[in-house]
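Some notes on the structure that comes next.
The values are calculated or read from the model by the stated rules, or taken from the named source; none is laboratory data. As the structure is a computational prediction, the values presented were derived from the model and not from experiment. Methodologically, a virtual Cβ is constructed for each residue, glycine included, from the backbone with ideal geometry; neighbour enumeration extends over all protein chains shown.
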Amino acid sequence: MTPLATRPLGRTGLAVTTLGLGGAPLGNLFSAVSEGEAESTLEAAWAAGLRLFDTAPFYGHGRSEQRMGAFLREKPRASFVLCTKVGRRLVPTEGPVDGGAYADVLPYAIAYDYSSDGARRSLEESLTRLKLDRVDIVYIHDIGVDTHAAEQPRRYREALEGAYPALADLRAQGVVRAIGLGVNDWRVCADFLRDADPDCFLLAGRYTLLEQEPLAGGLLAACERRGVSLIVGGAFNSGILATGPVPGATYNYKPAPAPILERVSALAAVAARHHLPLAAAALQFPLAHPAVASVIVGARAAAEVEATMRLFATVVPATFWADLKAEGLLDPEAPTP
């Protein structure tokens, strides 16, 4: 196996592999994953050289953290980078639990809590589930408009005045190495960059082959100037850039609307002319920007990890990127591999 390349994570002293494993599927996102399947997925990711692992209390209401911790605590602690999140506390309950998009969740209800005490307690509880003595990166989870709608300004202020100072204190003490936001909304990252001192952002679905608003909006340039790294999640926009514009294709975890289907059809047509899997280009595109340190990809089976590695190794010709720009399908200022 050729080791995956690593990149520095801003000014933190951490280095992350250019591909990482996202833990939402291991929390039974959309459908249940058996313990054996979860373990084989993690084994495949490790064998492929992935050393960045991302999880959260929200994913399966603790199940993803339990599964990742059980696997990673058998590995040398200095050999991997582990991320989790605060902002959703898990509250034990004896009644039925609505897992939303997650199947077969653990018996906890979810409570939003972006306070200082809530962040500290959430991290302590995560360490208990993980059965590890530390995590490397802690994100404040989902403080964008897409999650909180009209409540977002209040929740943002709560996080800025509560969770953020608590995490900054833990960073100063050396308890965690890096802090930031884990969100789907690039604008809240821009606000946080103005109002706080983050090390990195986990931004899902917003800097992809399909959409590059954070580039035109100046977020990526601002991150580069400040030495703040971007970890890109959702490189397939929750599915459609992997499946193509097929019936039932998803965008932002919902059925893709007609304008998105049309744009992906145009992207897929260019890829077909180059005899190229569209998913390979989607996976590789974000890493061309110097502010991007890694792309994390979720998987629920070893075969999915292996397929991801084949896509990552696919040679994408320079003429493909040039054709996308010539046809107005890619921001002309976007760096390309």
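Please go through (1) over 30 Å from Ala47 (Cβ atoms); (2) surrounded by 14 or more Cβ atoms within 10 Å (Cβ to Cβ) for Thr93 and return the number of the only condition it doesn't satisfy.
(2)
Being under 29 Å from Gly10 (Cα atoms) and either of a type in the set (Val, Ile, Thr) or surrounded by fewer than 21 Cβ atoms within 10 Å (Cβ to Cβ) (or both) is the requirement here; does Ala279 meet it?
no
Residues of segment 40-60 being more than 24 Å from Ala313 (Cα to Cα) and either of a type in the set (S, T, N, Q) or over 17 Å from the mean Cα position of the chain (by Cα) (or both), which ones?
Thr55
Considering each residue of segment 179-221, count those that are outside any loop (DSSP other than H, G, I, E, B) and either touching a Phe, Trp or Tyr at 6+ places or on another chain (Cβ under 9 Å) or closer than 18 Å to Glu158 by Cα (or both), and give that number.
Of the residues in that region, 24 qualify.
Picking from Ala272, Ala307, which residue would you name as being without any contact (Cβ under 8 Å) to a residue 24 or more places away in the chain, aliphatic (A, V, I, L, M) and farther than 24 Å from Ala44 by Cα?
Ala272
Residue by residue, here is whether (1) at pLDDT 95 or above; (2) of a type in the set (S, T, N, Q); (3) in contact with a Lys or Arg (Cβ under 7 Å, 6 or more places away or on another chain); (4) over 20 Å from Ser238 (Cα atoms) holds:
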{"position": "Ala5", "(1), (2), (3), (4)": "yes, no, no, yes"}
{"position": "Leu9", "(1), (2), (3), (4)": "yes, no, no, yes"}
{"position": "Thr17", "(1), (2), (3), (4)": "yes, yes, yes, yes"}
{"position": "Gly22", "(1), (2), (3), (4)": "yes, no, no, no"}
{"position": "Leu26", "(1), (2), (3), (4)": "yes, no, yes, no"}
{"position": "Ser34", "(1), (2), (3), (4)": "yes, yes, no, yes"}
{"position": "Thr41", "(1), (2), (3), (4)": "yes, yes, yes, no"}
{"position": "Ala44", "(1), (2), (3), (4)": "yes, no, no, yes"}
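Going through segment 283-304 one residue at a time, which ones are part of a helix (DSSP H, G or I) and surrounded by fewer than 24 Cβ atoms within 10 Å (Cβ to Cβ)?
Gln284, Leu287, Ala288, Ala302, Ala303, Glu304, listed by residue number.
Looking at Ala249, Ala196, Ala204, which is the one that is without any contact (Cβ under 8 Å) to a residue 24 or more places away in the chain, surrounded by 15 or more Cβ atoms within 10 Å (Cβ to Cβ) and closer than 30 Å to Tyr102 by Cβ?
Of the residues listed, the single one that is without any contact (Cβ under 8 Å) to a residue 24 or more places away in the chain, surrounded by 15 or more Cβ atoms within 10 Å (Cβ to Cβ) and closer than 30 Å to Tyr102 by Cβ is Ala249.
For segment 198-250, which positions are of a type in the set (A, V, I, L, M, F, W, C) and within 11 Å of the chain's Cα centre (by Cα)?
Scanning segment 198-250 gives Phe201, Leu202, Leu203, Ala204, Leu230, Ile231, Val232, Ala235.
Having 1 or more residues that are on the phi > 0 side of the Ramachandran plot and either acidic (Asp, Glu) or surrounded by fewer than 16 Cβ atoms within 10 Å (Cβ to Cβ) (or both) is the bar; report the helices (runs of 4 or more DSSP H) wholly within segment 101-172 that clear it.
none
In segment 119-132, how many are out of contact with any helix residue (DSSP H, G or I) (no Cβ under 7 Å at 6 or more places or on another chain) and not aliphatic (A, V, I, L, M)?
Going through segment 119-132 one residue at a time, the tally reaches 5.
Which count do you get for residues in segment 306-335 that are in a helix (DSSP H, G or I) and either loosely packed, with under 12 Cβ neighbours inside 10 Å or out of contact with any Asp or Glu (no Cβ under 9 Å at 6 or more places or on another chain) (or both)?
Residues in segment 306-335 being in a helix (DSSP H, G or I) and either loosely packed, with under 12 Cβ neighbours inside 10 Å or out of contact with any Asp or Glu (no Cβ under 9 Å at 6 or more places or on another chain) (or both): 16 in total.
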